[in-house]
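Just so it is clear, none of the values below were taken in a lab; they were calculated from the coordinates. This structure is a prediction, so every number in the text was calculated from the model and none was measured. In this analysis, Cβ positions are derived from the backbone assuming ideal geometry, glycine residues included, and neighbour counts consider all displayed protein chains.
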Amino acid sequence: MLTVLMECRDQETELAQTLSVLVAGAVEGLISDVVILDHGSRDASARVADAAGCRFHTEWDIRDIVRSVRGDWLLLMEPGARPQMGWIDELGEHVAMGGQAAKFSPSRNHLPSFFKRLSRRVPPLEYGFLMPKTQAVACARSGMPLAELARKQKAFMLISEMVPAWAARK
């Protein structure tokens, strides 16, 4: 089983979009819990998280959070990102096989323009990041943002695609 971790700030709509897709993973027994790390939201992000059964933290230390999660694997995501068809089976198999850290493939239907792809750096969590909890515990440092856990880590590319969070804001 895995735990989903997301950081947010005033992203109620994006959070709702992501959580609605993750429900299927919880129903299938893949996702054990979802933890939302908030940066002072003034919208209804807390209510959205509560309605979905998520843990919502307004004050947190990443080291404590990573140690306290239930899953043996962590899926780090951006609010608004949505895994596409086949993700549950593929993640379940990857986790069961004890695979390495992984990320989703970019959605073929939601690619930045050619020039943007050439000129920008892809944020570490744009296509999610799956990692063993033990690896996250070893990397986590107080005050570290969630994306730092994925930065400079080698990751296996999954076949399943992810719609990036920026597509939800269009």
Starting from 0.36 nm per residue, how many nanometres of slack lie between residue 1 and residue 111 once their C-alpha separation is accounted for? 36.6 nm
Please order 21, 122, 69 by the number of other Cβ within 10 Å, starting at the fewest. 122, 21, 69
Honestly the range 17-67 on the Cα gyration tensor test (a ≥ b ≥ c root eigenvalues; a/c under 1.5 rounded, otherwise a/b vs b/c for prolate or oblate) is just oblate
Place a +1 charge on the Cβ of each Lys and Arg in the range 1-124 and a -1 charge on the Cβ of each Asp and Glu, then give the dipole magnitude about the Cα centre in debye, rounded to the nearest 20. 600 debye
Add +1 for every Lys or Arg and -1 for every Asp or Glu among the other residues with Cβ under 10 Å from the Cβ of residue 84, and state the total. +1
Vicinal HN-Hα couplings computed from phi for the range 2-12 (Karplus, 6.51 cos²θ - 1.76 cosθ + 1.60; Hz; Gly/Pro x): 10, 10, 9, 10, 9, 9, 8, 7, 6, 10, 3
Taking amide hydrogens as modeled 1.01 Å from N in the peptide plane, which residues meet the under 5 Å criterion relative to residue 160, leaving out close sequence neighbours? 105
Which value in deg cm²/dmol, rounded to the nearest 500, describes the helix-derived mean residue ellipticity at 222 nm for the chain, given -39,500 (n - 2.57) per DSSP H run of n ≥ 4 and division by the residue count? -9500 deg cm²/dmol
For the range 1-107: rounded, prolate or oblate by the Cα gyration tensor [a/c cutoff 1.5]: prolate
Residue order, fewest to most surrounding Cβ atoms within 10 angstrom, among 3, 18: 3, 18
Please compute the net charge surrounding residue 136, taking Lys and Arg as +1 and Asp and Glu as -1 over other residues with Cβ under 10 Å from its Cβ. +3
Percent of beta bridges antiparallel (DSSP, the chain, rounded to nearest 5): 25 percent
